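The values are calculated or read from the model by the stated rules, or taken from the named source; none is laboratory data. Keep in mind it's a predicted model, so treat the numbers as computed, not measured. Cβ: placed from backbone, ideal geometry, glycine included. Neighbour counts: every protein chain shown.
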Amino acid sequence: EYRFLDSHSLKDLPSNPLAMSASNKAFAPNSLHRRLLSDIAEIQQDPYPNVHLHVDEQDFRKACLILSTEAYGPLHLFIEFGNDYPLYAPQVSIQSEIVHPNIYGDYICASILNTVEGWTPAYTLKGVLIQLLSFFASESLEQDHGGGVVDLRDFRSAQKAGEDWRFGKNCKAHEHFCETCGYGPDWTPAPLAKRSNTAAKVSAATVSRLLALPDEVVLLMLEEMPTKDVLALADALPFVKRTVHSYDFIRTRELQCFCLKKSYMDAKLGIGISVTGGNKPVLRSEFDLLSQEAFFQHDVRRSVQGVAFDKWLPLPINRRHWRGAKSTAVACLRGVHSHAGIRSNEPGDVDVLYSLMNNVVVQFCADAEKGFRHSDKRSTLNHVSEKAVEAYFACFHLLLCMATENTEIIKAANKMVKRFLTGPHTKKQFPDLGHLLVAALISDDGLTEPLIFQIIKEAILRNVVWMLDSKGADMAELAYLEPTAISEYRLAKTFEASRTSYRLLMFLKLFSSSARQPGKSLVNLRETLFDSHGAPPPGVPAVMARRIREVRAIDGFPGFLRAMGIIQIPSKTQFTAFLRRTVADSMEAGYSVMPLSQSKLYMIRKVRERDVEVAQGVSITEAMITWYNRGEKWYWNGWNGRPTFFPGRLTSSTAVHRNDRSRGGRGGRIG
């Protein structure tokens, strides 16, 4: 009989099929079977108001659902779970006849039930039933495909005026009888048994005996309790609260596969990874924990939010989990490296982690920009930053585990840092500076100031062409090399031209510095993360959130340099000279070309900066004035005759003039 289930019933079921047999899918349904039973047990042990589930005693995959609603009264629905639940939504039909814009006979038109995008295996049965209750209890309903929002009260009134009102004055549901669950016109819910306030009735002697128990025994007792009961008990008994916090109890409960709901103690957990970008592969992850079994046995290829991925990579989590997942991690890193076609060839394929950690910050930077522009979005910046920090540390934990067990990885990181410092450090040798920052985390010296300073210089150099060309910030006037010792215009506009790029670099430095704490060896860092199950050290997320907002407020090179950890800030004279020099250095490195004479560039600059000084050799001729009046003068009005600053091109193929776009520069690249 499956009508009433408890945790002991679940423990009697077969264990992880992967451990039982190598025949894989022959045993796969057992885990799905257990997941369904667990979902049923949850809703029966902890009922939700106005939701009444009656499981068929002869077939636990069939159930009656009664929803108590104010508008329609009690509604009867029938649920049938397929053998592939929760990979696919259960089939739900309604037997009560009601007036509703999304009900067609017994068919319920709801995205959660009928579309791939609307369903995720992360949904529990209880969550689905609550959503169905909300579906029928709401007074308005948002329609897909541009249907707008329907006011259900107006809809029912219109239907009542246009046809015979069959359900009576109060719009109650059509009469339906069910022999299985006893539903009928006079159905009323059975009173819920009141749960006693256990904590309030605990005697002093009982508390005294609990205090004498070892922490391990208390934790075993808490494991048998629902999370909300654990929190209630912790509020009532201070020593329980200390135990819960000391052992990171709540967090460890959340470390489970979103599909099969198996914990890290019972399954190998990891993350799905998507590979895009072709010749320049981009590795991304939503960092939703997924078990090896769910990926390989049940072909789960979408995150909780429906984002597709191609590969799977296990995470260390704790020492026991890492011992079981180590060999799988090595194989999976090799598989991702091959699938993505990554051109570099770091020992242990850790360049996969370099790319993944770099893209965590790139994606965060993009999400943070959206968060600041649209502060009313559901995903707040604090949420975005917290998720990004956890994702970064999860990857860093795996990198530490790989590096501390394979010294060749550390040697290669040292060699990479040394090569960059000694030069040359062009795009050919170092295509992505973000990868270098990550590699430095496991180098012997870590993130030193000389390394950071060289990265800054190279980033500014690589940004020159994007600063000048209309494909980027469209500030060709900065190619004019003014003779002034201090150019406030150049100092301000150079930063403005690549603001997003410099902000990304600051975020990369911030994340990196938070991960590689000074005075700690790689082994110490690894062990600390093992103790916290891969979570950032206490206080780090809060500090990061504050510093992220500080970074967002930086609007010039002095603040940028301080955020990057540069102690001796160059003077305005020194930095103006440096920025001027990067224009010529960019062309020498082959990053850009100079398509216009200094005289023409002076005329362009003069329009933007009226009091700019004339450099030696600049000559304004009649031909120059004619060139300006016939073309350049009308540049902002759509004239498309300005040549490109990119090497090997005649014109900028995607010229976008400044009256059509922001001058904030290109986004999200420092490489």
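Structural remarks
- Members of the stretch 565-586 found to be out of contact with any Phe, Trp or Tyr (no Cβ under 8 Å at 6 or more places or on another chain) and part of a loop (DSSP other than H, G, I, E, B), listed by number: 565, 567, 568, 569, 571
- Residue in the stretch 357-367 that is in contact with an Asp or Glu (Cβ under 7 Å, 6 or more places away or on another chain) and either part of a helix (DSSP H, G or I) or at pLDDT 95 or above (or both) present: yes
- Here residue 510 fulfils each of the conditions (1) part of a helix (DSSP H, G or I); (2) closer than 21 Å to residue 586 by Cβ; (3) of a type outside the set (D, E, K, R); (4) touching a residue at least 40 places away in the same chain (Cβ under 8 Å) apart from (2).
- Any chance residue 662 is at pLDDT below 95, out of contact with any helix residue (DSSP H, G or I) (no Cβ under 6 Å at 6 or more places or on another chain) and under 30 Å from residue 281 (Cβ atoms): yes
- Residues of the stretch 614-626 classified as exposed (fewer than 12 other Cβ atoms within 10 Å of the Cβ) and either in contact with an Asp or Glu (Cβ under 6 Å, 6 or more places away or on another chain) or assigned to a loop (DSSP other than H, G, I, E, B) (or both), total: 4
- Selection status of residue 128, closer than 16 Å to residue 53 by Cα, at pLDDT 90 or above and within 24 Å of the chain's Cα centre (by Cα): yes
- Any hit, the stretch 347-357, residues being more than 26 Å from residue 501 (Cα to Cα), out of contact with any Cys (no Cβ under 6 Å at 6 or more places or on another chain) and not small (Gly, Ala, Ser): yes
- Test: residue 239 is under 23 Å from residue 357 (Cβ atoms), free of Cβ contacts under 8 Å to residues at least 60 places away in the same chain and not assigned by TED's automatic domain parsing to the domain that holds residue 124: no
- Residue 585, sole failed condition from (1) of a type in the set (Asp, Glu); (2) crowded, with 16+ Cβ neighbours inside 10 Å; (3) without any contact (Cβ under 8 Å) to a residue 24 or more places away in the chain: (3)
- Single match in 415, 493 (criterion: at pLDDT 95 or above, of a type in the set (D, E, K, R), surrounded by fewer than 17 Cβ atoms within 10 Å (Cβ to Cβ) and over 27 Å from residue 546 (Cβ atoms)): 415
- Looking only at the stretch 63-86, and only at residues there that are surrounded by fewer than 17 Cβ atoms within 10 Å (Cβ to Cβ) and within 37 Å of the chain's Cα centre (by Cα), the one that is modelled with the highest pLDDT: 80
- Hits in the stretch 318-354 (condition: among the aromatic types (Phe, Trp, Tyr) and under 19 Å from residue 276 (Cα atoms)): 354
- Of the helices (runs of 4 or more DSSP H) lying entirely inside the stretch 234-301, the ones with 2 or more residues being under 30 Å from residue 337 (Cβ atoms), modelled with pLDDT of 90 or more and under 21 Å from the mean Cα position of the chain (by Cα) are found at 292-296.
- Contact map, the stretch 82-111: residues that are assigned by TED's automatic domain parsing to the domain that holds residue 134 paired with residues that are acidic (Asp, Glu) and modelled with pLDDT of 95 or more, Cβ distance under 6 Å, separation 6+ or inter-chain. Pairs shown: 91/80.
- Selection of helices (runs of 4 or more DSSP H) fully inside the stretch 383-492 by the criterion of at least 1 residues being among the charged types (D, E, K, R) returns 407-422, 449-468.
- Cβ pairs under 6 Å, 6+ apart, first in the stretch 61-78 and of a type in the set (Gly, Ala, Ser), second surrounded by fewer than 19 Cβ atoms within 10 Å (Cβ to Cβ): 68/50; 73/172
- For the stretch 487-535, a residue qualifies if it is over 30 Å from residue 609 (Cβ atoms) and either of a type in the set (Phe, Trp, Tyr) or touching a Gly at 6+ places or on another chain (Cβ under 6 Å) (or both), and the qualifying residues are 507, 508, 511, 516, 530.
- Scanning the stretch 334-356 for residues that are in contact (Cβ under 8 Å) with a residue 24 or more places away in the chain and at positive phi yields 341, 348.
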